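Inspection log for the structure reproduced underneath, given as structure tokens.
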């Protein structure tokens, strides 16, 4: 079996896409929203908050994971 790779250039305007489609694609790539690790951290924060335990370190980690920013 022979495989052939073909490259082409396509002019696309971002306005050609619906916002919902873009969001869905980003979520599928785990670029946007919470990944599994982030959901685990969020659950830890929830449990600690309900028990009155300091959760600041976990919250800082979640913010960094999702936004890529350090406070």
Taking the residues in the range 54-69 that are touching a helix residue (DSSP H, G or I) at 6+ places or on another chain (Cβ under 8 Å) and outside any helix (DSSP H, G or I) as candidates, determine which candidate is surrounded by the most Cβ atoms within 10 Å (Cβ to Cβ). 55
Return only the number of the condition from (1) in a loop (DSSP other than H, G, I, E, B); (2) surrounded by 11 or more Cβ atoms within 10 Å (Cβ to Cβ) that residue 23 does not satisfy. (1)
For the range 28-45: of the residues being surrounded by 12 or more Cβ atoms within 10 Å (Cβ to Cβ) and at pLDDT 75 or above, which is nearest to residue 65 (Cα to Cα)? 38
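The values are calculated or read from the model by the stated rules, or taken from the named source; none is laboratory data. Computed from a predicted structure; not experimentally measured. Backbone-built Cβ (ideal geometry, glycine too); neighbour counts: all protein chains shown.
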